[in-house]
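Below is one structure, written out as C-alpha cells; comments come after it.
What follows is calculated from the coordinates using simple rules that are stated; it is not laboratory data. Only a predicted model underlies this, so the values are computations on that prediction, with no experimental measurement involved. Methodologically, a virtual Cβ is constructed for each residue, glycine included, from the backbone with ideal geometry; neighbour enumeration extends over all protein chains shown.
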Amino acid sequence: MQDSYFLLICVIVLATLFDFINGFHDTANAIATSVSTRVLTPKAAVAMAAVLNMAGALTGTAVAKTVGSGLVQAGTITQLTIVSALLSAIIWDLVTWYFGLPTSSSHAILSSILGASIATAGPDVIIAKGVYKVLTGLILSPLAGFVFGCLLMLLLMWLFGRHPLGMVNSFFNRAQIVSAAYMAFSHGNNDAQKTMGIITMGLVSYYHLPDFNVPIWVMALCAVAMALGTAFGGWRIIKTLGVNLVHLQPIHGFAAEASAATVIEVASSIGLPLSTTHIISSTIMGVGATKRLSAVRWGVAGRIVLAWVITLPACAVLAWVICTAGKHVIN
C-alpha cells in the first residue's frame, strides 16, 4: 500500500504544490530590494522573477541529486515517507508565510525528509556524510552572504563614493535590474532543483530504478510550478525583507542581490542546496552594516534568525508525527 501508484501520484502533486508555494513564499528573495528601492514596480518585478525563476530551474540537476540521493538511503524510503515530508514542509511554509516570516523552504523540506525517514526506517537510514555536507552549507552560507555583501558594498563605496549622488542613483537604477534578474535566475536554479530531487526520489522508490537521473518532464514541471508561484507574489515577506530590515538605496540593492546570487550560483554548481532566503537576508544585513550597525533593524533580524533556528527541529518533528500517524492509518 505504501508504494502504491496512488501514493506516487500524491508525491508528484504535493511536490508540485510545494514548488508553487516555494515560488510565492520566496518571491521576496529575488525582488524585495528592487521593489523597496523603487527600481521596479511590483508587477514588473514579479513578472521578471517568474520568467527567470523558470529559466534557472532548467539549468542543472546537481542539487536535485544531493536532495534525492545524498541525505537518506533511497532503498528504505517509501512513498509515505515522501508524502509526509512534503506535507510537513507545505504546512510550515504556509504558517510562516501567513506571519510574514522569511523562513527557509530549504530547511523545511530537508529537515522534513530526515524526520519522515527516521519514522520510516529508524536513524540508521540517514547518510551522515550527506547530512553533514548540507548542514555545513546551510549554517555557513548566511555568514558567507553577510561577509560578501559587506565587502562588495565597501568596494562599490570606494569606486563610486566621489561621484555625485544623482549619477550614482541613476546608474544603479539600471544596474539593479540586472542584479534582480541574476538573483531570480539563481533562486530558480537552486530551489526548484530540490523539488526535482524529491519527485525523482519517489520515482526511484516506486520503480526501483538503479540510477538517480532527473527526467526532463520533472525539470519542466518544477520550472513551471515555481514560475507560477512566483507570479502570485509574496508581499508579506517582501515588506519584511525590503522595507522593515534596512532602508535601501539602489546601490545597496544591487550589492545585496549580486552578492547573494553569486553565493547561490557557486553552491548550485557543486550540488549544495542552500537557503536562498538566508542568503539574501544576510547580504541585506551585510550591506546595511556598511552604513552603520544601527542601520540594520536588529530586532527584525533577530526575529528572522529565531525563525530559522526553529524551522529545523519543528519540521523534522512534524514530518515524523505525520509519517508515524500515516503508518498507523495504513496498517
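Calculated FRET efficiency, ALA128 to THR324, Cβ-Cβ distance, R0 = 22 Å: about 0.45 to the nearest 0.05. Take the Cα of LYS43, go 7 Å toward its beta carbon, and the backbone nitrogen atoms of the range 207-234 under 17 Å from that spot belong to 231-234. Length available on full extension from ILE270 to LEU143: 0.36 nm per residue minus the Cα-Cα distance, which gives 43.9 nm.
Among LEU135, LEU40, LEU272, the order by Cβ neighbours within 10 angstrom, fewest to most, reads LEU135, LEU272, LEU40. Rounded to the nearest 0.05, what FRET efficiency do ILE9 and VAL309 give with R0 = 35 Å and r taken as the Cβ-Cβ distance? Could you check? Given R0 = 35 Å and the Cβ-Cβ separation, E is 0.50. Counting only alpha carbon atoms, the long axis of helix 42-57 and the longest principal axis of the chain meet at about 50°. Taken one residue at a time, the phi angles of the range 276-283 give Karplus couplings (6.51, -1.76, 1.60, θ = phi - 60°) of 5, 5, 4, 5, 5, 5, 6, 5 Hz. Gly and Pro are set to x. Using just its DSSP H runs of length 4 or more, each adding -39500 (n - 2.57), the chain gives a mean residue ellipticity at 222 nm of -26500 deg cm²/dmol after division by all residues. Relative to the dominant Cα principal axis of the chain, helix 216-232 is inclined by about 50°.
Give the cross-link partners of LYS133 among the lysines, using a straight C-alpha distance below 22 Å as the criterion and excluding same-chain residues fewer than 8 apart. Cα-Cα hits under 22 Å: LYS65, LYS194.
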